[in-house]
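Asker: Take this structure first; my questions come after.
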Amino acid sequence: MHEHREIDILEMPLEGVAAYWLALKKLAGGRRSMKALYSEAEHTPEPFVRHLLEICSGSMSESRIRLLATAREETVLSELERRYDLMRIALMDIAQGENPRKSMAKMAARFPRCPLTEQRALSLAHELLKLMSEREAVQDRYFDVSHRQQDDKLMVTLLFYVLLARQQGKDACQPYLPVITSTYFVDGLALVIDGMDAPFVRKWLREHKMVLLRDVQDKMRMSTELCLGIRDRLDYEDVFRIARSWMR
């Protein structure tokens with residue numbers, strides 16, 4: 001199982017997430033020991049899935065597991081919504097050639113305490129701009145935008161694109177589309193580069209964010225039920241029935 005442990009609850013389709021849990025059910029079988037869940041938790045980088053595996057591999061009651069899963073679900077959704085908002089701010093400012101200082105101020109407003117100062121953020125973004133001019137090839141590890149990034153790293157990279165668009169025009173962002181792993185950001189950036197009007201892009205970003213958040217919430221809730229089904233040693237067919245309840 002470990003060689004196939006890569007799972008991204010945001011980017012994977014619901015069917016892919018279900019397949020992950022069904023494969024884990026086959027691995028666990030009907031054994032009373034939760035060793036399979038605990039072992040998988042040690043090798044799984046996906047935070048929500050790892051949290052589920054950890055709490056289900058212990059001796060907590062089902063009600064407490066549901067409580068903790070819901071708490072983690074709310075945290076994940078809150079973090080994702082904030083990161084989408086940071087991307088949205090950057091995309092709208094790229095479209096309008098906005099002053100990066102204004103972009104930074106709008107991003108900072110999304111935090112009770114901003115993870116880095118304006119001076120630090122803009123300094124690092126300028127360093128990326130300098131790095132870009134010194135390299136012939138685009139380096140994805142420097143210019144990627146992903147929901148998995150820490151907030152400070154994400155903000156710096158987003159400010160780089162705002163700076164790039166302000167100095168060289170939004171078309172200068174085109175070569176970076178292939179190295180961006182966030183489908184939300186890359187699709188939004190493609191709309192901006194194509195010259196879609198600002199009201200349309202703003203509405204698209206708002207509505208698509210809500211669709212993505214609902215989708216990931218469904219996958220987290222399904223994952224909770226599937227993990228509990230494995231913990232309760234349900235037959236494979238019953239675990240599959242649980243998964244099918246979320247299939248569209």
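Asker: With the structure loaded, tell me whether residue 203 is loosely packed, with under 14 Cβ neighbours inside 10 Å and part of a helix (DSSP H, G or I) or whether it fails that test.
Answerer: Details: loosely packed, with under 14 Cβ neighbours inside 10 Å: yes; part of a helix (DSSP H, G or I): yes.
It is true that residue 203 is loosely packed, with under 14 Cβ neighbours inside 10 Å and part of a helix (DSSP H, G or I).
Asker: Any chance the range 111-118 includes a residue that's of a type in the set (Asp, Glu) and crowded, with 17+ Cβ neighbours inside 10 Å? Reasoning before the result, please.
Answerer: Taking the range 111-118 first, the residues of a type in the set (Asp, Glu) are 118.
In the following step, the residues that additionally are crowded, with 17+ Cβ neighbours inside 10 Å were identified as none.
Within the range 111-118 (the criterion being of a type in the set (Asp, Glu) and crowded, with 17+ Cβ neighbours inside 10 Å), the answer is no, since none of the residues qualifies.
Asker: Moving to a separate point now. For the range 184-200, name all the residues that are in a helix (DSSP H, G or I), closer than 13 Å to residue 91 by Cβ and of a type outside the set (Asp, Glu).
Answerer: Going through the range 184-200, the residues in a helix (DSSP H, G or I) turn out to be 184-193, 198-200.
In the following step, the residues that additionally are closer than 13 Å to residue 91 by Cβ were identified as 184-193, 198, 200.
Passing the criteria: 184, 185, 186, 188, 189, 190, 191, 192, 193, 198, 200.
Asker: Can you find, within the range 3-43, the residue that is nearest to residue 243 (Cα to Cα) among those that are at pLDDT 75 or above, of a type in the set (D, E, K, R) and in a helix (DSSP H, G or I)?
Answerer: Top of the filtered list is 15.
Asker: Within the range 78-88, is there a residue that is surrounded by fewer than 18 Cβ atoms within 10 Å (Cβ to Cβ) and more than 18 Å from the chain's Cα centre (by Cα)?
Answerer: Kept after step one, since they are surrounded by fewer than 18 Cβ atoms within 10 Å (Cβ to Cβ), are these residues of the range 78-88: 78-79, 81-82, 85.
Remaining after also requiring more than 18 Å from the chain's Cα centre (by Cα): none.
Within the range 78-88, not a single residue is surrounded by fewer than 18 Cβ atoms within 10 Å (Cβ to Cβ) and more than 18 Å from the chain's Cα centre (by Cα).
The rows are residues; the columns are (1) in the same structural domain as residue 99 (by TED's automatic domain parsing); (2) modelled with pLDDT of 95 or more; (3) farther than 15 Å from residue 95 by Cβ; (4) in contact with a Leu (Cβ under 8 Å, 6 or more places away or on another chain).
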site	(1), (2), (3), (4)
126	yes, no, yes, yes
130	yes, no, yes, no
134	yes, no, yes, no
140	yes, no, yes, no
146	yes, no, yes, yes
155	yes, yes, yes, yes
158	yes, yes, no, yes
161	yes, yes, no, yes
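Asker: Report yes if some residue within the range 123-135 is surrounded by fewer than 19 Cβ atoms within 10 Å (Cβ to Cβ) and touching a residue at least 40 places away in the same chain (Cβ under 8 Å); otherwise report no.
Answerer: Looking for residues that are surrounded by fewer than 19 Cβ atoms within 10 Å (Cβ to Cβ) and touching a residue at least 40 places away in the same chain (Cβ under 8 Å), one finds none in the range 123-135, hence no.
Asker: If you don't mind, there's one more thing I want to ask. Which of the residues spanning the range 218-244 are surrounded by fewer than 16 Cβ atoms within 10 Å (Cβ to Cβ) and either in a helix (DSSP H, G or I) or assigned by TED's automatic domain parsing to the domain that holds residue 93 (or both)? Working first, answer last.
Answerer: First pass over the range 218-244, keeping only residues surrounded by fewer than 16 Cβ atoms within 10 Å (Cβ to Cβ): 218, 221, 232-233, 235-238, 241, 244.
Correct list: 218, 221, 236, 237, 238, 241, 244.
Asker: Same structure, new question: Taking the condition of being over 21 Å from the mean Cα position of the chain (by Cα), among the charged types (D, E, K, R) and within 30 Å of residue 97 (Cβ to Cβ), how many residues in the range 192-248 meet it?
Answerer: 2
The values are calculated or read from the model by the stated rules, or taken from the named source; none is laboratory data. This is a predicted model, so every value here is computed, not measured. Glycine also receives a Cβ, built like all others from the backbone with ideal geometry; neighbour counts cover every protein chain displayed.
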